[in-house]
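First the structure, in the form of structure tokens, and then the observations on it.
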């Protein structure tokens, strides 16, 4: 038995940092410049752009993890090739955990993806006003 789930706000003598809230819509804007030396492939550029649009990218940007994300892009592209070696697969998986790209890793890093409730309410109230004016 794994036991009960951890309390979201435990009272502790050795206090730990709180959860980092990441926006569900992801990071906005262009990705940062490619940080690694050498040429990039089309697959690496595509992976780079996709990764920097994720919610986790907000945290990476705050912590300056561009080089780590660049290494992950290179490894991910290599690991996804048909005859990838075990070393590439293992290293890519480890970097996925460090970058918070799996649910378990997000729990370990205390990252939580949250919706923009204020924006959603704003959109809802705007659409409701449109419906009311259309009726009158």
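FYI, it's all coordinate maths here, none of it is from the lab. If you're wondering where the values come from, they're calculated on a predicted model, not measured in any experiment. Reconstructed Cβ throughout: ideal geometry from the backbone, glycine too, with neighbour counts over all protein chains shown.
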Return only the number of the condition from (1) touching a residue at least 24 places away in the same chain (Cβ under 8 Å); (2) out of contact with any strand residue (DSSP E or B) (no Cβ under 6 Å at 6 or more places or on another chain) that residue 82 does not satisfy. (1)
Among the residues of the range 28-50, what is the count of those that are in contact with a helix residue (DSSP H, G or I) (Cβ under 7 Å, 6 or more places away or on another chain) and either closer than 27 Å to residue 113 by Cα or in a helix (DSSP H, G or I) (or both)? 8
Mind checking whether some residue in the range 24-39 is under 20 Å from residue 103 (Cβ atoms) and surrounded by 15 or more Cβ atoms within 10 Å (Cβ to Cβ)? yes
With respect to residue 53, is the statement that it is out of contact with any helix residue (DSSP H, G or I) (no Cβ under 6 Å at 6 or more places or on another chain), surrounded by 19 or more Cβ atoms within 10 Å (Cβ to Cβ) and within 24 Å of residue 115 (Cβ to Cβ) true? no
